[in-house]
Amino acid sequence: MFKNYLLSLYRNITRNKFYTALNIIGLSLGIAVAIFILLYVQDELSYDKYHVNYERIYRIESDFTISNKHDLFAIVPIPLGPALKIEFPEIDEFVRFMDVGNTLFRHGEKEYYEESFYIADSTIFKVFTYEFLLGGPKNSLTEPNTIVITEKIAKKFFGNNNPMGDIITSGRGTNYKVTGVIKNLPGNSHLKFDALISTATIAAEAGAEDFNSFEPVRFWNIGVYTYLLIKENTSMKSIHEKFPAFYDKYMKSIGDDFNASFKLLSTPLIETHFKQGLGGEQPSGNKAYILIFSAVAVFILLIAAINYMNMATARSANRAKEVGIRKVVGAFKNQLIRQFLSESVVLALIAMFIAMLLVNILLPDFNTLADKTLNFSFSQSPLIFLEIFIITLVIGFISGSYPAFYLSSFLPVRVLKGATSKSGKKGGMLRKILVVLQFFIAIFMIIGTIVIYGQLHFLKNKDLGFDKENLIVMEIQDSTFRSKVQTFKEELLLNPDIISATNSTGVPGRIDWIQVMKVEQESKMEDHTLILAQTDYDYIEAMDLEIINGRNFDEKMGTDALEAVIINETAVKEFGWEDNPLGKKIHYGFELDGSGGRMLKVIGVVKDFHFRSLHNKIESVILIISERPRFLLSCRIKSENKKEALEFIETKWNEFGAKRPFDYEYLDNSMDDMYKAEEKIGLIIGIATFLTIFIALLGLLGLSSFVAEQKTKEIGIRKVVGASIGNILILLYKEFTLLIFIAFVIAIPVAWWRLEIWLDTSFIYHTSLHWASFLLAGLTAIIIGMAAISYFIIKAASCNPVDSIKYE
């Protein structure tokens, strides 16, 4: 029986090579896209699951409320982890991570800037699972000035030499002894590092008593990522329930003085990759994008399956006599159903093998596109091959289901007499519905692609309230060089290619100093959480911020250095100073009795500027003068002489004796980097949209060939009675155009609804949906659709009517 089915399939393929090729190409592309997306989704959902105890690990987070203002952070106070372990028997262990930042490290003649070095407790290896290549977890980070490196850093600094016991020196001159080498972290790690420096190092530098202090004030300064390993058969819920008593013991005294409170938040380790909306959060994933990609995979597979159904039902008349004869000689309906289903499943399996070949060829490019390190091998992920096989079978059954039941239902007497017109009408209606569904999906995805790229354009070109172009930012970490930064700046400004320069603690995109300050209200000084940037007198000019009220800092005003403060519009609104903010007081300094620090007076208000990505709303910012040199130096250079300006800055950098190699970044590039996730999504969705349209067009191509073939005699007769080629083309185009238009009308409200939700939930600031985007998508679909069917329709309309009338 099965042999008979295969023979029938072979004959059907050889008779209909064109239609078979269209089906296999469509299914192959659909399955290949599904495999890529399946690999991507599985990788996203596998984050941190390689740790043995991942189900018992939680990251703790901060929820501060100060004067009814909530602030959420992924980082917590330094002493919170060890204090929690003491107070809660449910906690087995804790570990803290502190980001070192962009720092120079050297070994011998080799020196590199490293951005992924962290300070960590020695308990890290009790909480997390990392494979040691050299050394071991027991004593690797217990001593001051010790470091554990990954094999990547070992190769980078030491080549093929054994690094154990050797020294890596920081740009500040601190020596770290290598006590362990671990394997490079897997790509599915939410917290990625290249080296770990012992916490004992900073404890020794700061004084162990000071660093490990449980003084109440210590619990109100955040700075570390902290993870808890809870004991088996316990839960974080019990810790949260008992946390109020902990708060009363360690934090309440300070909280009451500042009208503040603190709540403990926690996230299971495997969910941290998807956590959004926390200050200090590491680059993370987005579950919404997983849903989008999954939907795209389903859409493309559905379109490929629809192609098969359409062409199978369209060509049903050609197989009607085969069905009739089989029934006459004794075939049962269920046997015919099995035959047609097996044909579609075999075609799907052929398409699956082609798809797997495509995936192996294109996987390196997909990894580059998605910024992943995905593998497609049976040895590493055998489960995914089972999933692909099951998906292929499902697609095969879905593709062949309607044709199987449709063809097997033909009555042999009617079929052998050629009376299939009634059934043909039913099949024709189904084909129209399926074409509408195909183009609904295609138009929806075209609109989505247009909106995504429109949002990317909005993000990169919105007025940010400052000028990000031609502004370079340099870090000055060397304290000796930093003490000469004012003279260095003055030297740079002598060059006509350098327009302005400023020294500060933060620039847009890197302003993250959060401080509690007392703000003048009607009858008292009230605590508020503010974003702070310490600057010199040239900051506002260099950043091109707009003063909308009051004045800029003025070095000639002797009081500005100690008393002046400039705030943004949001701060004016938050403090209720709309009438007149000038002269209002802000107390700067974290002193319980309010006597320390200094009292500042507002001298000016700047127009709101975006100092974080457009995913975040603008918050209250204050700018104050710092007479001490700060670690960021920003220079605005002339666009036409960038090369010359940079060469001059590097020359002066070396002349002033900088210990670090000259390094800089353009501010516009670092701001654009905030939207890499959206760029990646846009590109992937764009490619998926192209493939969706291409697969849908394969179906149209097959249908137009069938329609042209079926209407050959009709076209010949119409031409004989005087119809022009134009009349015939309009007749043939009209049906397809109407179907695409119906799909367009259905897609508009659905796309508008879903995309508006995406924009509102993903961005605080976003572009508006515009009818032009939807009209463009509809016109694109119609033009591409008409182009796809034109060959066969024009060919049919141009045939000699004599040949057309004789056609059988």
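Report every pair of residues separated by at least 6 positions or lying on different chains whose Cβ atoms are under 7 Å apart, first residue within segment 163-184 and within 16 Å of residue 196 (Cβ to Cβ), second open to solvent by less than 60 Å² (accessible area, probe 1.4 Å) and of a type in the set (Asp, Glu).
What qualifies is 178/166.
State which residue pairs qualify: first residue in contact (Cβ under 8 Å) with a residue 60 or more places away in the chain and inside segment 739-751, second residue among the charged types (D, E, K, R) in any location, beta carbons under 7 Å apart, and separation of 6 or more residues or different chains.
As it stands, the answer is 739/432, since those pairs meet every condition given.
Please give the strands (runs of 3 or more DSSP E) falling wholly within segment 577-659 in which 3 or more residues are surrounded by 15 or more Cβ atoms within 10 Å (Cβ to Cβ) and touching a Lys or Arg at 6+ places or on another chain (Cβ under 8 Å).
Working: elements: 585-588, 598-606, 621-625, 632-637.
Answer list for segment 577-659: 585-588, 598-606.
Residue by residue through segment 28-71, note down the ones that are open to solvent by 10 Å² or more (accessible area, probe 1.4 Å), in contact with a Pro (Cβ under 8 Å, 6 or more places away or on another chain) and part of a strand (DSSP E or B).
Selection gives 58 alone.
Return the only residue of 619, 665, 678 being among the charged types (D, E, K, R), under 30 Å from residue 521 (Cβ atoms) and in contact (Cβ under 8 Å) with a residue 24 or more places away in the chain. Step through it out loud before you land on a result.
Values: 665 fails: under 30 Å from residue 521 (Cβ atoms); 678 fails: under 30 Å from residue 521 (Cβ atoms).
That would be 619, the only listed residue that is among the charged types (D, E, K, R), under 30 Å from residue 521 (Cβ atoms) and in contact (Cβ under 8 Å) with a residue 24 or more places away in the chain.
Which one is nearest to residue 435 (Cα to Cα), of the residues in segment 285-311 that are of a type in the set (Gly, Ala, Ser) and open to solvent by 20 Å² or more (accessible area, probe 1.4 Å)? Spell out how you get there, then give the answer.
First pass over segment 285-311, keeping only residues of a type in the set (Gly, Ala, Ser): 285, 288, 294-295, 297, 304-305.
Adding the requirement that they be open to solvent by 20 Å² or more (accessible area, probe 1.4 Å) leaves 288, 294-295.
On the way: 288: 28, 294: 22, 295: 19 Å.
Ranking the candidates gives 295 first.
Report the residue count in segment 332-342 for those that are out of contact with any Phe, Trp or Tyr (no Cβ under 8 Å at 6 or more places or on another chain) and either at pLDDT 80 or above or crowded, with 18+ Cβ neighbours inside 10 Å (or both).
Restricting attention to segment 332-342, the residues satisfying the condition of being out of contact with any Phe, Trp or Tyr (no Cβ under 8 Å at 6 or more places or on another chain) are 332-336, 340.
Narrowing further to those that are either at pLDDT 80 or above or crowded, with 18+ Cβ neighbours inside 10 Å (or both): 336, 340.
Total satisfying the criteria: 2.
Can you tell me how many residues in segment 44-97 are within 29 Å of the chain's Cα centre (by Cα), under 22 Å from residue 255 (Cβ atoms) and of a type in the set (S, T, N, Q)?
1
This table checks each residue for (1) open to solvent by 40 Å² or more (accessible area, probe 1.4 Å); (2) touching a Gly at 6+ places or on another chain (Cβ under 7 Å); (3) at pLDDT 85 or above.
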| position | (1), (2), (3) |
| --- | --- |
| 344 | no, yes, no |
| 354 | yes, no, yes |
| 359 | no, no, yes |
| 371 | yes, no, no |
| 382 | yes, no, no |
| 415 | no, yes, no |
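Out of curiosity, is residue 122 in contact with a Ser or Thr (Cβ under 6 Å, 6 or more places away or on another chain) and open to solvent by 30 Å² or more (accessible area, probe 1.4 Å)? Spell out the reasoning first.
Details: in contact with a Ser or Thr (Cβ under 6 Å, 6 or more places away or on another chain): yes; open to solvent by 30 Å² or more (accessible area, probe 1.4 Å): yes.
Considered against the rule, which asks whether it is in contact with a Ser or Thr (Cβ under 6 Å, 6 or more places away or on another chain) and open to solvent by 30 Å² or more (accessible area, probe 1.4 Å), residue 122 comes out as yes.
Is it the case, given these coordinates, that residue 142 is of a type outside the set (D, E, K, R), surrounded by fewer than 17 Cβ atoms within 10 Å (Cβ to Cβ), in a strand (DSSP E or B) and on the phi < 0 side of the Ramachandran plot?
Numbers: of a type outside the set (D, E, K, R): yes; surrounded by fewer than 17 Cβ atoms within 10 Å (Cβ to Cβ): yes; in a strand (DSSP E or B): no; on the phi < 0 side of the Ramachandran plot: yes.
Answer is no for this residue.
Would you check which residues across segment 486-513 are more than 18 Å from residue 101 (Cβ to Cβ) and not in a loop (DSSP other than H, G, I, E, B) and list them?
Those that are more than 18 Å from residue 101 (Cβ to Cβ) and not in a loop (DSSP other than H, G, I, E, B): 486, 487, 488, 489, 490, 491, 492, 498, 499, 500, 501, 502.
For segment 426-469, what are the residues that are closer than 14 Å to residue 300 by Cα, more than 23 Å from the chain's Cα centre (by Cα) and open to solvent by 10 Å² or more (accessible area, probe 1.4 Å)?
434, 437, 440
Name, by its number, the condition in (1) of a type outside the set (Val, Ile, Thr); (2) at negative phi; (3) in a loop (DSSP other than H, G, I, E, B) that does not hold for residue 474.
Unmet condition: (3).
Taking residue 292 as the residue in question, decide whether it is in a helix (DSSP H, G or I), at pLDDT below 85 and farther than 30 Å from residue 694 by Cβ. If you could, list the steps in order and put the result at the bottom.
Values: in a helix (DSSP H, G or I): yes; at pLDDT below 85: yes; farther than 30 Å from residue 694 by Cβ: no.
Taking the combined requirement at face value, the residue does not satisfy it.
The values are calculated or read from the model by the stated rules, or taken from the named source; none is laboratory data. Only a predicted model underlies this, so the values are computations on that prediction, with no experimental measurement involved. Glycine also receives a Cβ, built like all others from the backbone with ideal geometry; neighbour counts cover every protein chain displayed. Surface areas here come from the heavy atoms of the whole protein model, side chains and all, with no ligands, DNA or RNA. Shrake-Rupley method; radii C 1.70, N 1.55, O 1.52, S 1.80 Å.
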